[in-house]
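For reference, the structure is listed below as structure tokens.
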Amino acid sequence: MVSSEGNSMLEDLGVNMEWGDLALAKCKHWLVLEPLVYIMPRADPKQTVKDKLAVKGRGDILEGDGVKVEGYRWLKVRHDASEAWILIDGRAVGANRCFLEPVPG
């Protein structure tokens, strides 16, 4: 979650938020930082809101596998018994921030 100062709760607790490919590979639970993130049918940043399968919101904990696709980080999840994707790396859509962060543990 994001504090009133704009930091994530994990940063407020002193957890280093500089995570990379190791966290992407090992973490299975992810915290939604944005007010809304879209569950999409493909790992393709060109998809639009019309393509979304569902939405999740700030504070939700998601389970899935972190994957890099064409240089951008995505979370591969299950939605209605099918493979689906949530964008982690906002750079893919012009936002210089991550939409999800790994949950330690």
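Remarks
- Once region 49-86 is narrowed to residues that are hydrophobic (A, V, I, L, M, F, W, C) and in contact with a Lys or Arg (Cβ under 8 Å, 6 or more places away or on another chain), the residue that is surrounded by the fewest Cβ atoms within 10 Å (Cβ to Cβ) is VAL67.
- Considered as a group, the residues in region 83-105 that are free of Cβ contacts under 8 Å to residues at least 12 places away in the same chain and more than 10 Å from the chain's Cα centre (by Cα) include one that is farthest from LEU36 (Cα to Cα), and that residue is GLU83.
- When residues of region 81-105 are limited to those that are modelled with pLDDT of 95 or more and in a loop (DSSP other than H, G, I, E, B), the one farthest from LYS56 (Cα to Cα): ILE88
- Counting only strands (runs of 3 or more DSSP E) that fall entirely inside region 36-75 and contain at least 1 residues that are closer than 13 Å to PHE99 by Cβ and not hydrophobic (A, V, I, L, M, F, W, C), the qualifying elements are 36-39, 54-57, 65-69.
- Residue check, ASP51 free of Cβ contacts under 8 Å to residues at least 24 places away in the same chain and among the acidic types (Asp, Glu): yes
- Residue pairs whose Cβ atoms lie under 8 Å apart, sitting 6 or more positions apart in sequence or on different chains, and linking a residue in region 16-28 that is assigned to a loop (DSSP other than H, G, I, E, B) and surrounded by fewer than 11 Cβ atoms within 10 Å (Cβ to Cβ) to a partner that is of a type outside the set (Val, Ile, Thr) and modelled with pLDDT of 85 or more, do not occur here.
The values are calculated or read from the model by the stated rules, or taken from the named source; none is laboratory data. Bear in mind that the values here come from a model prediction, so they are computed numbers and not experimental data. Cβ coordinates were reconstructed from backbone atoms using ideal geometry, including for glycine residues, and neighbour counts include every protein chain displayed.
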